[in-house]
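We did not get these values from a lab; they are worked out from the coordinates using the rules stated. Keep in mind that what you see is a predicted model, and the values were worked out from it rather than measured. FYI the Cβ positions are ideal-geometry reconstructions off the backbone, even for glycines, and counts take in every protein chain you see.
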Amino acid sequence: MRVISGTARGRRLSAPPGERLRPTADRVKEALFSILGSLLGNFDGIRTLDIFAGTGSLGIEALSRGGCETVFVDNHRESAATVRKNLEALGFAGRGTVLVKDATAAIGTLEKAGRPFRLVLLDPPYRLGMTERVLERLACSPLVTDETIITAETADDEEIGTEFGPLRMFDRRVYGDTALSFFRKGASIDHA
């Protein structure tokens with residue numbers, strides 16, 4: 001597991017021991033950030049929310065590419081410690097905040113600060129319904145504006161809705177056994 005591009009390109013990331021985590025494959029991460037690059041133009045100054053952060057790989061990729069800040073959310077202390085370790089090792093500690101909380105509780109906490117995100121990355125455990133629960137919560141959250149792009153990584157055979165309040169899926173791509181779904185407020189659905 002490594003950083004694909006940007007200032008930390010090629011640097012390896014630490015992962016906690018065991019098999020609890022399912023890190024995003026490098027080729028899927030490369031495809032994801034290629035798509036995001038075409039949607040965003042660049043990552044300069046972007047605030048990112050990385051929910052179900054695991055090792056922090058996705059949020060760190062956004063920082064490496066020029067993001068100004070990433071908030072990492074994971075309810076496992078071991079994962080949170082790994083994210084902090086990776087941020088320190090790459091020199092991104094001042095641009096990353098780690099919350100050890102359940103995803104929906106963390107959204108509530110972040111809403112109190114009132115600062116929206118331009119990019120939200122969801123990579124929950126597969127097939128547990130967590131993706132839809134978080135998308136439902138984000139749909140009515142002030143953390144998400146008309147400019148926010150939300151990505152959700154799921155198993156390719158995992159069915160998720162295409163509409164959550166004003167959030168609409170506007171693209172879906174499959175890479176092997178992994179699907180990437182893209183949401184935005186009021187977007188039209190191109191792929192379902």
Check: in the chain the Lys pairs 8 or more apart or on separate chains whose Cα atoms fall under 23 Å apart number 4
Of A113, A155, A15, the most mobile residue in a GNM of the chain (C-alpha springs, cutoff 10 Å) is A113
If each K or R counts +1 and each D or E counts -1, the residues other than T48 whose Cβ falls under 11 Å of its Cβ total +1
Exposure proxy check on M1, M169, M130: fewest-to-most Cβ neighbours within 10 Å is M1, M130, M169
Rounded to the nearest Å, the spacing of the alpha-carbon centers of the stretch 107-140 and the stretch 26-79 is 14 Å
Summing -39500 (n - 2.57) over every DSSP H run of at least 4 in the chain, dividing by its residue total and rounding to the nearest 500, the 222 nm mean residue ellipticity is -9500 deg cm²/dmol
For the stretch 43-185, the charge dipole (Cβ of Lys, Arg +1; Cβ of Asp, Glu -1; about the Cα centre) points to a positive end, and the Cα of S181, N75, F170 closest to that extreme belongs to N75
In Å, the C-alpha Rg and Dmax of the chain are 15.1, 41
Quick calc, the stretch 2-78, dipole around Cα centre from Cβ unit charges on Lys, Arg (+) and Asp, Glu (-), nearest 20 debye, gives 220 debye
